[in-house]
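Encoded as structure tokens, the structure appears first; notes follow it.
Bear in mind that the values in this text are calculations on the coordinates, not laboratory data. These numbers were taken from a predicted model, which means no experiment stands behind them. No Cβ is skipped: glycine too gets one built from the backbone with ideal geometry, and neighbour counts run over all protein chains shown.
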Amino acid sequence: MDEATVLNHLKELHRAIEIDDGKDPCLVEDDVQPLDGLPGFDSPLIPNIVRQLAELMGIDIPKGTRLKNPYVDVDNKKLTLRQVAKRFCELYGKKEKSV
């Protein structure tokens, strides 16, 4: 799984959230910390983002699967979008659909 592609999709999803909430989508940059730096984003949206991103990346996550949070590291430190993309690849990269 390509981290750059994940990051681009992640930024698109976050820009859409900011626009939907009437906030500035220009705040969505590689090094923004979404949980603190994006006013339209909040932790209840994480499962939606994870599922949308998985779908965009061709990853099958069956309904009812407990999702892992790529927005924090193992020490619960909040991550930047660039780090979220990397963490997403670590957590979900092995679940890509076979072609």
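Go through 41-52, 19-30, 81-92 and give me the packing order, highest mean Cβ count within 10 Å leading.
In descending order of packing, they fall as 81-92, 41-52, 19-30.
In nm, to one decimal, how far is the Asp21 label point from the Ser43 one, both placed 7 Å along Cα→Cβ?
1.4
What angle, in degrees between 0 and 90 and rounded to the nearest 10, separates the Cα long axis of helix 81-92 from the longest principal axis of the Cα atoms of the chain?
Its long axis makes an angle of about 20 degrees.
Mind checking which aspartates and glutamates have their C-alpha under 16 Å from Lys63, skipping anything on the same chain fewer than 8 residues away?
Partners found: Glu55, Glu96.
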